[in-house]
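Every number in this text was worked out from the coordinates using simple rules, so none of it is lab data. Because the structure is predicted, anything quoted here is derived from the model rather than measured. Virtual Cβ from ideal backbone geometry, glycine too; neighbours counted across all protein chains shown.
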Amino acid sequence: MRKKLTEERQLYPELDNDKLDHLSEVREKRTYDLYKPLITKNTENFIGLSKIPIGIAGPLIIQSRHVGENEPIYIPLASTEGTIIASVSRGMKILRLSGGVHTYTNRIGSIQRAPCFRFATPIEASKFRDELKDWEWLRPTAESSTSHGKLLDIFTLVIGRYAHVRISMFPGDSYGANMVSKAAINVIKAIIGKFPNIQKYYSEGGLSSEKSPSSIGMLLGRGRSVVATADIPSKVLMDIGRSKPEDILEFYEVWDAATEFRGGIPSTAGVINTLSAIYAATGQDLACIPESRTSKYNLRYDASTDSLRWELIMPSIVCATVGGGTHLPTQRECLKMLGCFGDRTIDRFAEIIAATALAHEISFVSAACASGDQACEWLEAHAALNLRT
């Protein structure tokens, strides 16, 4: 340990500055030993820890085959933005008073790599695509480097003389980026060996859409695809959210029109805040937030029950309950709080994410379109709770 810390001081002499008290905490032997696996596997030139405060919201009641009946779930949220945890908590109260939220994993997605191959002409690229429609011969090659990953599909898109090969793998309970990368290496070698007319290749050509919101991600999905639904009585919406169903419906008309005019991808209003807080608390890859937040809503007012059916569709929740940052001590404890640490917990985790996102979406939109004396509730809440901004 002393040798390692000496090397760090030589590389970064400014770390000896007595004013860097918090970064230097890692030099204590107990802390260093605790994070040693992280130093060797996840983080280069390790010098310290970035600490984000964690609050809790709940209880959240989910109706799902992955969650116990009436099981109260408390959600750890890492955030420095005032109002987020309070808003999620209010949304959960609305959901509890409405009978809970129903969640369903309607598609177990995949993780992709998309190498690109250059040919002399578009005709050669098209012939390559046609031959690769029968890709089963690549299955043993792709799966040889993983014990739990499965090859689901290989799709080839020709753009000019370039053939983009989108390799889709089932990742199990992990994020799967490293797994599909190893598989892609083997697939690339096999393809080059069979097609000598390939002039050049790129290990990633961009068609995977990794960590980017995209139409192909919404259509085909990445990670888990989850739907969260709740039937909210108008009285509950008015008593707790201080808004009416007709106000909610009109708000989304306004939101969608503005999204279209600014050239954005149609999406929900407040989901990204929830994802950021959950992902930071549970050791997820934060760069996956943009694609995971891609979502759509369905709203329908039922006059016979005087209730608003609020449905949130999240087609690309890229998350993990094993591997990566999930093994960090704090993040592991947060996952254990959710009952989502380890194998065979990924569907439960994805549905908890979607249900929590719905809770915040309901609260955020209710605040944004509150009427009467509460018309500026959302802005006033930020002004009151973000006192240092």
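Residue farthest toward the positive end of the dipole of the chain, with Cβ of Lys/Arg at +1 and Asp/Glu at -1: which of Val322, Thr356, Phe128?
Going by the Cα projections, it comes out as Phe128.
Within segment 66-85, which residues have the backbone N less than 16 Å from the label spot 7 Å out from Leu49 along Cα→beta-carbon, could you tell me?
So the set is 78-79.
State the Cα centre-to-centre distance between segment 176-203 and segment 119-153 in whole Å.
9 Å
Per-residue HN-Hα couplings for segment 288-294, Karplus 6.51 cos²θ - 1.76 cosθ + 1.60 at θ = phi - 60°, whole Hz, x for Gly and Pro?
8, 4, x, 7, 5, 6, 4
Considering only C-alpha atoms, what is the centroid distance from segment 30-85 to segment 337-358, in Å?
So the two Cα centres are separated by 12 Å.
For the pairs Lys133/Lys296; Lys150/Lys182; Lys36/Lys150; Lys127/Lys194; Lys41/Lys182, note any where the Cα-Cα span goes beyond 21 Å.
Those over the limit are Lys133/Lys296; Lys36/Lys150.
According to the square roots a ≥ b ≥ c of the eigenvalues of the Cα gyration tensor, what is the shape class of segment 111-202, taking rounded for a/c under 1.5, prolate for a/b larger than b/c otherwise, and oblate for the remainder?
prolate
Can you put Ile192, Ile362, Ile289 in order, fewest other beta carbons within 10 Å first?
Ile192, Ile289, Ile362
Testing the spin-label approximation: label points 7 Å from Cα along Cα→Cβ at Asp306 and Met238. State their distance in nm.
Modelled inter-label distance: 0.7 nm.
Taking all pairs of different Cα atoms in the chain, averaging 1/r and flipping that mean, what Kirkwood radius in angstroms comes out?
The Cα-based Kirkwood calculation yields 23.2 Å.
For the chain, give the share of DSSP beta bridges that are antiparallel, in percent and rounded to the nearest 5; count only bridges with both residues there.
95 percent
Please arrange His102, His360, His66 by counting, for each residue, the other beta carbons lying within 10 Å of its beta carbon, fewest first.
By the 10 Å Cβ count, ascending, the order reads His102, His66, His360.
Based on the Kirkwood radius over alpha-carbon pairs, what is the Stokes-Einstein translational diffusion coefficient of segment 107-163 at 20 °C with 1.002 mPa s viscosity, in µm²/s?
In µm²/s, the coefficient rounds to 168.
For a Förster distance of 30 Å, can you work out the FRET efficiency between the beta-carbons of Glu204 and Lys296, rounded to the nearest 0.05?
Efficiency computed from Cβ-Cβ geometry: 0.65.
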